[in-house]
Amino acid sequence: MSIKGIIKWQWEGYAKFHKSRSNLWLHIFAVPIFIAGSVLLFFTVFNFSVLLLVVSILLMAVSLAVQGIGHNEEALPPEPFTGPVNAVIRILLEQLYTFPKFVISGGWCAAYKNSKSSNKLSV
């Protein structure tokens, strides 16, 4: 599937995979952490620092781990990755494009209003 196809596929199914109130809250905090880690990683390329490299990778990894916890709260689990390249592309697109679009378009607020609290991670 092309990048354009993945973006379309992610967007069309995004709301159905993000209905849990706790998952929505975890995403609203964790995705900006991933974005910060990505920006830091980008700057590390120009000003190589092992410390900045480690911090950027940790930020991104912790963000994904937190989001994974949130997805455990969903009735519908995410679609499995078809391979390592698919995983990297889908993760980057979701974090840097699809979720920010979900928030800016009002999708996050609509999903939150329509969501129910989860018993496990209620916020």
Among the residues listed as SER22, SER118, the single one being touching a Ser or Thr at 6+ places or on another chain (Cβ under 6 Å), modelled with pLDDT under 95 and assigned to a helix (DSSP H, G or I): SER22
Selection from segment 31-64 of residues that are of a type outside the set (Phe, Trp, Tyr), closer than 25 Å to ILE104 by Cβ and out of contact with any Gly (no Cβ under 8 Å at 6 or more places or on another chain): VAL31, PRO32, ILE33, ILE35, ALA36, GLY37, SER38, VAL39, LEU40, LEU41, VAL62, LEU64
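Limited to segment 2-41, what total is found for residues that are of a type in the set (A, V, I, L, M) and either touching a residue at least 60 places away in the same chain (Cβ under 8 Å) or buried (at least 20 other Cβ atoms within 10 Å of the Cβ) (or both)? Full working, then the answer.
Within segment 2-41, the first condition is being of a type in the set (A, V, I, L, M), and the residues that meet it are 3, 6-7, 15, 24, 26, 28, 30-31, 33, 35-36, 39-41.
Then keep just the ones that are either touching a residue at least 60 places away in the same chain (Cβ under 8 Å) or buried (at least 20 other Cβ atoms within 10 Å of the Cβ) (or both); that gives 3, 6-7, 15, 24, 26, 28, 30-31, 35.
Residues in segment 2-41 being of a type in the set (A, V, I, L, M) and either touching a residue at least 60 places away in the same chain (Cβ under 8 Å) or buried (at least 20 other Cβ atoms within 10 Å of the Cβ) (or both): 10 in total.
The values are calculated or read from the model by the stated rules, or taken from the named source; none is laboratory data. Since this is a predicted model, take the numbers as computed values, not measurements. Methodologically, a virtual Cβ is constructed for each residue, glycine included, from the backbone with ideal geometry; neighbour enumeration extends over all protein chains shown.
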